[in-house]
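Shown next, in structure tokens, is the structure this report addresses.
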Amino acid sequence: MWQSLHDAWWRRATQDHPTAFYDILICQALQASSVAYQAVVTLRNAAYDRGWVKPMTLPCPVVSVGNLTVGGTGKTTCVELLARKLMAQRQRVAVLSRGYAGRRRPYWLRMEGGQLLVDGRAGAADDGWADEPQLLAAHLAGAPIVVGPRRAQTGRWAWDMFHSDIMILDDGLQHRQVHRDLEVVVVHARTPLGGWALLPRGPMREPLESLRRSHVIILTKADEALETVAALRERLSALAPEAATVMTTHEPVALLDAQNGEQESLQRLEGMRVALVSSIGDPAGFESTIRRLHATVEWHAAFPDHHRYRAADWAALRARATAQPPQALVTTEKDWVRLRPMLAAHGSWAGPLWVLKVRMRILDGEASLDDRLARVRGR
């Protein structure tokens with residue numbers, strides 16, 4: 001049900017001029033709500049921009065990573081890339097995460113000695129913890145991932161516990177309660193700037209003018225839009241002339257065999273008939289990546305972003321894999337965080353299950369990014 005509702009909303013949210021009568025009625029209703037949403041966003045931004053409301057300043061520099069649209073831009077991989085750069089400079093980094101689809105109470109995660117610690121104690125993976133913080137903790141061993149809906153609270157908590165040199169505010173563009181020293185905005189290369197409406201009529205969280213607050217714009221998956229990327233960069237420069245623009249790609253690096261934990265070469269996918277399982281913001285991008293690795297996609301079970309898999313979901317997937325058997329099932333790292341308990345409790349399927357591991361790689365603009373990060377470290 002939720003999958004169909006999400007898909008129905010997305011189809012209409014990205015449809016500029018609906019033609020079906022029913023779609024027109026729904027879009028008009030959504031547009032009315034968008035007007036109210038825009039008024040709230042405009043008032044909030046004016047309050048901060050004009051100094052009517054003062055953000056809280058943490059004792060250490062803060063780098064914010066956010067976006068203008070709902071899901072699918074690659075914020076998590078961008079946070080990881082920035083954290084790795086800072087950690088390579090011997091900076092003690094903490095990440096402040098909203099923790100979507102996880103427990104509401106604040107908590108922190110850290111990977112130490114190959115074990116996930118929750119509030120300093122060994123914790124069961126996916127025991128109600130949000131997926132993206134678990135993934136970041138696994139990839140950034142030793143760095144605390146502090147999770148909670150109120151960033152000012154978790155930021156102060158992180159400082160009291162870890163005395164970090166620098167903090168990264170994950171999904172921070174719309175959360176202005178915390179002062180940031182560097183505003184990084186992530187933009188998907190296929191985002192039609194100026195072509196989508198604000199929520200809930202469209203997928204835009206903020207109007208394009210909000211890009212003026214950015215210091216760095218990370219253009220993700222630029223290799224998927226080579227025919228339009230030059231025009232997009234020109235448009236971004238006009239909207240945010242002071243911001244550095246960095247072009248990146250999401251690069252597949254390996255396959256993880258979920259059943260034995262061994263790493264496989266990406267070449268294993270060549271010529272294979274596979275089925276995909278995902279619940280991410282950009283399922284089309286995942287499918288495109290698999291096709292570029294020369295695999296044939298037989299079917300793709302795409303759930304809404306952050307979907308928490310249940311036993312019935314896994315049973316349905318196993319039944320489909322039996323009725324339409326691929327040579328392998330392939331999923332994402334974020335999904336594997338939530339699928340792993342299903343396999344432990346209910347068993348795998350007859351064939352291999354592979355997890356595609358990806359990283360963000362910079363194509364152009366790395367020197368500008370490093371310069372901006374160096375300025376922040378010096379404050």
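Per-residue Karplus couplings for the range 302-317, computed as 6.51 cos²θ - 1.76 cosθ + 1.60 with θ equal to phi - 60°, are listed in order as 9, 9, x, 4, 6, 4, 8, 5, 10, 4, 5, 5, 5, 4, 5, 5 Hz, Gly and Pro entered as x. Once you reduce the range 292-325 and the range 226-254 to the center of their Cα atoms, the two points are 32 Å from each other. Amide H to amide H, with H built 1.01 Å from N, ARG359 comes under 5 Å of GLU251, VAL253, counting only residues 5 or more places away or on other chains. May I ask which residue of ALA32, LEU276, LEU86 lies farthest towards the positive end of the charge dipole of the chain, with charges of +1 (Lys, Arg) and -1 (Asp, Glu) on Cβ and the Cα centre as origin? It is ALA32. Computed about its Cα centre, the charge dipole of the range 252-359 is approximately 140 debye, with only Lys, Arg, Asp and Glu carrying charge at their Cβ.
Once each of the chymotrypsin sites (Phe, Trp or Tyr not before Pro) sitting in a DSSP loop with at most 16 other beta-carbon atoms within 10 Å is removed, the chain keeps 101-379 as its longest stretch. Non-local lysine pairs in the chain, meaning eight or more places apart or on different chains, with alpha-carbon distances under 23 Å, amount to 10. Overall shape: rounded for the range 252-359, with the ratio a/c of the largest to smallest alpha carbon gyration tensor axis below 1.5.
Around the amide H of ARG201, modelled in the peptide plane, lie the amide H atoms of SER34, all under 5 Å away and 5 or more residues distant in sequence or on another chain. Among GLY285, GLY347, GLY71, the largest mean-square fluctuation in a Gaussian network model of the chain (Cα springs under 10 Å) belongs to GLY347. In the chain, the calculated helix contribution to ellipticity at 222 nm averages -11500 deg cm²/dmol per residue, counting -39,500 (n - 2.57) for every DSSP H run with n ≥ 4.
Of the GluC sites (Glu not before Pro) in the range 167-269, the ones in a loop by DSSP (not H, G, I, E or B) with at most 11 other beta carbons within 10 Å are GLU227, GLU242, GLU262. Proximity of backbone amide H atoms, modeled 1.01 Å from N, is registered between THR245 and ILE217 at under 5 Å, excluding neighbours fewer than 5 places apart on the same chain.
Karplus-derived 3J(HN,Hα) values for the range 357-366, using 6.51 cos²θ - 1.76 cosθ + 1.60 with θ = phi - 60°, are 9, 10, 9, 7, 10, 7, 9, 7, x, 5 Hz; glycine and proline are entered as x.
Any read-out appearing in this document is the output of simple, stated calculations on the displayed coordinates, not a laboratory observation. Every value quoted in this text rests on a predicted model; they were computed, and no experiment measured them. In this analysis, Cβ positions are derived from the backbone assuming ideal geometry, glycine residues included, and neighbour counts consider all displayed protein chains.
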